[in-house]
Structure formats: structure tokens, C-alpha cells
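Read the structure below first, then the notes.
Just so it is clear, none of the values below were taken in a lab; they were calculated from the coordinates. Computed from a predicted structure; not experimentally measured. Heads up, the Cβs are rebuilt from the backbone with ideal geometry, glycines too, and the neighbour counts pull from every protein chain shown.
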Amino acid sequence: MQQCLEAGEITTFSFIAITEGNQIEPTDWEFNGEKVEDWDVEVNTEVDNNPTPTPSNNTYFIEAEDMNLSGGYRTEGNNFASGREVISLYSGDGNNNDSGVASFEFSGGTGYYNIIIDTFDENDGVAQIALEQNNSGLETFSLGKQLGSNVADDKTDVSLEILDVFVSSGDWFRIEGIEDGNQWTADHARVDAIEFVPIESN
Ligand SMILES: [Ca+2]
Ligand SMILES: [Ca+2]
Ligand SMILES: [Ca+2]
Ligand SMILES: [Ca+2]
């Protein structure tokens, strides 16, 4: 006997580990009031061509002003910055060779990311910004562009990119900034924020 079932005719229908060629002996199954004596079971071995995609990580973003600051870094208001604040080595005392550290724990998902440091390259000095991951140096940037302004504004807004970095949730990152200039004017190694943009292909 071979029957076709309409959806909903049997509400509970579970098999355990049926493989192709196995025979199933139905005992108390009924179909349209008739006891089913014999049943051909077709095992569908088709592969799911649309598996649920692996969840991809989201962009992880942290404001520099929300990191743990040490050394000469302090927060400073800035209308061109995200969160309207940056961290800066400006000290107002004529010392324009300060350094400082901003650190944070990465709490995004584990995976490959492009890391983007949102900063400002002021034209009155060549500040340095270095990024470390778990105490190992990733990259050091020298901010030596001439962008037509000696302050942190829309002209000097730059993005420093470090591509294709494997990052694990819980990794510690450390940004070290060194300001540069003379006693009157300097590039104060200002940092706005950092972003981790997941790379789909990995
Ligand atoms: Ca300073
Ligand atoms: Ca500069
Ligand atoms: Ca400056
Ligand atoms: Ca900011």
C-alpha cells in the first residue's frame, strides 16, 4: 500500500536515525481510518542547500574617551568628534612632548577585523600613534600629513587602518600616543574612537 499524506494528517511523526534502505514496520498507524499494514518510507537524503548562515560578527566601536587613560592623555571636548570628545595630550603647560596610553578590552566576537583608528593629523607636528594587541605591537603610525589645519577639525580628521587582524573576544588593546611640536604649538596625538569592522571572507 502506498499513500500520500496531506500536511497535518499526522501530527506526531518521528524517526530515529533512518538511513537509506532501512525498513520500518508500522504497527499502530492509521490512515483515513484504515490500519496501515505496509508502508514505503522514502528517506529524503537531499542536502540542505540553504543552511543557516554562520552568524557574522558586528562592527565593534569604542570611543577613545571611554577607554582607560593613563600618562598624559585626558579627555577634551570637540564638536568634530564622535561623542563630542577626544583624548588629547594637550596639557597647556608648554610641554609638547608628552605621551599617554588608552587601553580597553575588546568585547566583540572572535574573528578577523579591519581596525580603524579615528584620529586627527594636525599640521603643527608629527605625532605618533601605536596600537598593541595583548602587549604585542600591531602598527605605529606617524601623523605627518599637511591637511591645512593645526587643530582637530574636519580638515585634519583621518582614519588609520590596520587590515585583516584576528581578534579574540577578551583581547586587550593599547593605544600609545606621543605628541610632537615646539613649546608653542603641537600635534597632540588626539584620538576620537576605534572601530573593528568584521571581514566577511574570513
Ligand atoms: Ca602635552
Ligand atoms: Ca601631524
Ligand atoms: Ca595642534
Ligand atoms: Ca570620541
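Taking segment 110-202, which GluC sites (Glu not before Pro) meet the DSSP loop condition and have no more than 11 other C-beta atoms within 10 Å? Could the numbers behind the result be given before it?
Numbers: sites: E122, E132, E139, E161, E176, E179, E195, E200; in loops: E122, E179, E200.
Those that pass, being in a loop and sparsely packed, are E200.
Please list 3J(HN,Hα) in residue order for segment 184-194, calculated via the Karplus relation 6.51 cos²θ - 1.76 cosθ + 1.60 where θ = phi - 60°; whole Hz, with x for glycine and proline.
Residue by residue, segment 184-194 yields 9, 8, 7, 8, 8, 6, 6, 10, 8, 6, 9 Hz.
What translational D, rounded to a whole number of µm²/s, comes out for segment 110-156 from Stokes-Einstein when the hydrodynamic radius is the Kirkwood one over Cα pairs, at 10 °C and 1.306 mPa s?
Details: Rh = 12.2 Å.
Translational diffusion coefficient: 130 µm²/s.
Check each of the chymotrypsin sites (Phe, Trp or Tyr not before Pro) in segment 128-202 and keep only those in coil by DSSP with at most 12 other C-beta atoms within 10 angstrom; list them in order.
Details: sites: F141, F166, W172, F173, W184, F196; in loops: W184.
Those that pass, being in a loop and sparsely packed, are W184.
In the calculated pair distance distribution of segment 60-198, what percentage of Cα-Cα distances lie above 18 Å? Don't jump to the answer; show the numbers that get you there.
On the way: 4800 of 9591 pairs.
Taking all Cα-Cα pairs of segment 60-198, the fraction more than 18 Å apart is 50 percent.
So who's got an amide H within less than 5 Å of the one on L147, skipping anything under 5 residues away but keeping other chains? H placed 1.01 Å off N, in plane.
N123
Based on alpha-carbon centroids, what's the gap between segment 182-196 and segment 140-176 in Å, whole number please?
Cα centres, segment 182-196 to segment 140-176: 9 Å.
Sum up the charges of everything whose Cβ sits under 10 Å from the Cβ of L89, counting Lys and Arg as +1 and Asp and Glu as -1, but leave L89 out.
Working: positive: R74, R190; negative: E76, D98, E179, D180, D187.
Net local charge, L89 excluded: -3.
Taking amide H positions as placed in the peptide plane 1.01 Å from N, state which residues far from L138 in sequence (5 or more) or on other chains have amide H under 5 Å from it.
L131, E132, Q133
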